[in-house]
Amino acid sequence: MGLFDDLGRFLETRIDEFLKNNPQLELQALEEKLYEQEQETRRLLADLRLREKQVEAEILTTAQEIQRWHVRIEKARTAGRKDLAEPAEAHEASLLREGNQKWGQMQVLKERIQQTEELQKKIQIRRQELQVEIKQVKATQAAQASQQRWAVDGWNQSASKVDDPLEQKFQQWETQEELEEMKRKMGR
């Protein structure tokens, strides 16, 4: 087991070093993880909204049943049929309890939908922030790479710049020498 533990620690250390040297990769991995979470949240929202519609339909059906049984109870009472009215009242009470339970389920679903929507917005905002960070890191790295290239290539280029007064004097002197050399060669 010790060998596998050592190997695992070694690999983790190497990965950490690699990510420190390539911060955009770590940010991209985090952005990808947030993207997956956002997709999962969208699926959850779709499921919750579907379930909410189903519960609403069940509540409507239960309410219609309660109305139907309420009418039956009134009919049975009016007709003096206590033998039908009392069991119908018990059935109506059962339907009312069922309706209340479904109403409670719908309220819980609405709360979960709201929480999930808030979570989705937070994930979207964080993804957008990460995308900005990734662009900034890439721009910084590009600028650093450009500076490094300039440090190597720019040394030769800086010699040709005429902003430096000493550089100007040397260029004038070298140009004058070249002209004099050309005159001598032509004079031969």
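The values are calculated or read from the model by the stated rules, or taken from the named source; none is laboratory data. Everything numeric here is computed off the predicted structure, so don't read it as measured data. Backbone-built Cβ (ideal geometry, glycine too); neighbour counts: all protein chains shown.
Tabulated data for the structure shown
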item	result
Which numbered condition Thr116 misses (of (1) surrounded by fewer than 13 Cβ atoms within 10 Å (Cβ to Cβ); (2) closer than 30 Å to Glu31 by Cβ)	(1)
Close pairs from segment 170-188: first assigned to a helix (DSSP H, G or I), partner modelled with pLDDT under 80, Cβ under 7 Å, at least 6 apart	Gln171/Val162
Close pairs from segment 107-135: first within 18 Å of Arg43 (Cα to Cα) and modelled with pLDDT of 90 or more, partner surrounded by 13 or more Cβ atoms within 10 Å (Cβ to Cβ) and of a type in the set (Asp, Glu), Cβ under 6 Å, at least 6 apart	Leu109/Glu52; Ile123/Glu38
